[in-house]
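Here the structure comes first, spelled out in structure tokens, and everything after it is commentary.
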Amino acid sequence: MIKMPIPCRRCGSADAEVYIPYARLSLCPECFRDFYVKRIKRTVEEFRMFRTDDRVGVAVSGGKDSTALLHGLKEAFPNMEFVALHVDLGIEGYSEECREKVEKLTEVLDVELEVYDLKEELGFTIDDFKRTIYRRKICSACGTVKRHIFEVLAGRVGVKVLATGHNLDDIVGVMLNNFFSGNWSQLVRLRPVLEPVEPNQTLKVKPLITTPEDENLLYCLYSDLPFREENCPHAHKERISRNREILEFLSKRNPNFRHQMLRNFLKLIPILEEAIEKPKYRRCRICGYPSSSDVCAFCRRVELVRKAKGMNIKTEKA
Ligand code: SF4
């Protein structure tokens, strides 16, 4: 039996290629791109992520999520100024391609790009954590390094808002992890807008918080965007696939599951914030950035990796 193409539910003229199960919509590529961009705009406006006269930094890794984010933001807010921020992590067989894709993307979009090269600026790469106690949890060290460096980059280019590519699946996955381990202080950090700890720090926003991961990939493909396809060699495949399996199973039974979970979680945040003790911040005595201890997590990791390499500590003062 020959399957007849279904017309797009929006325009009615082109053939539908994408089915959005939670919205029960069959869309053609053009209407899908429009649906995707409008959702970014709605999310930014609903959670008041930034004003249209703000200059916004966008953390770009070269992967599909941040690539789709930068392009989607440019489409949703064509008159705004965005600055792409990239950290070259120096991961062998991976970081070079990430940087190339980011350079190509920003060139195509005519967006300013600021790169922080870890090897050049600090003398080590993320691979060097293999020589430390972080060898089995490199992603944890890498996450701390990236969070700090994006603040440094934001300071260099003078942006007060930093948009990241966390998607709906990331947020719901981390939410599940933190919920089961009772990590309430990390749970509240998943909210769409994270206020700065100090006035000279950035406001962190997640414009893709309502966007499922697979739609970022589709958006990149339909928009013909350059993005890296290889996974980082340090990615923990087992943990990722376990979380994905749980989410996929529940989402198959209820296509709205992830969105419902996010909505209900957002209602819970103010209650959680009241209940948990707020961390007290001071200045890290090495780099001067806000820290809950005498030396911040970033400087502690830098110290470890540089010691392992027989180097001295050198970090940028806030
Ligand atoms: Fe860093 Fe881990 Fe991501 Fe690789 S997978 S870029 S090591 S956080």
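The values are calculated or read from the model by the stated rules, or taken from the named source; none is laboratory data. All of these numbers come straight from a predicted model, not from anything done at the bench. Every residue, glycine as well, gets a Cβ built from its backbone with ideal geometry; the counts of neighbours run over all protein chains shown. Side chains included, ligands, DNA and RNA excluded: accessible areas come from the protein's heavy atoms. Shrake-Rupley method; radii C 1.70, N 1.55, O 1.52, S 1.80 Å.
Quick notes on this structure:
- Residue within segment 242-261 that is more than 23 Å from Val161 (Cβ to Cβ) and touching a strand residue (DSSP E or B) at 6+ places or on another chain (Cβ under 9 Å) present: yes
- First in segment 156-170 and surrounded by fewer than 23 Cβ atoms within 10 Å (Cβ to Cβ), second anywhere and of a type in the set (Asp, Glu) and in a loop (DSSP other than H, G, I, E, B), Cβ under 6 Å, 6 or more apart: Val161/Asp54
- Taking the conditions (1) surrounded by fewer than 23 Cβ atoms within 10 Å (Cβ to Cβ); (2) within 16 Å of the ligand (Cβ to nearest atom) in turn, Ser66 satisfies each one other than (1).
- Of the residues examined, Asn231 is not one that is open to solvent by 30 Å² or more (accessible area, probe 1.4 Å) and under 24 Å from Glu112 (Cβ atoms).
- Any chance Tyr116 is more than 9 Å from the ligand (Cβ to nearest atom) and part of a helix (DSSP H, G or I): no
- Restricted to helices (runs of 4 or more DSSP H) entirely inside segment 182-279, those with at least 2 residues that are more than 16 Å from the ligand (Cβ to nearest atom), out of contact with any Asp or Glu (no Cβ under 9 Å at 6 or more places or on another chain) and within 24 Å of Val37 (Cβ to Cβ) are 213-222, 257-275.
- Residues that are within 18 Å of Pro212 (Cα to Cα) and not in a helix (DSSP H, G or I) within segment 39-59 comprise just one, Phe47.
- Residue check for Ala84: in a helix (DSSP H, G or I) and either of a type in the set (S, T, N, Q) or under 29 Å from Ala235 (Cβ atoms) (or both): no
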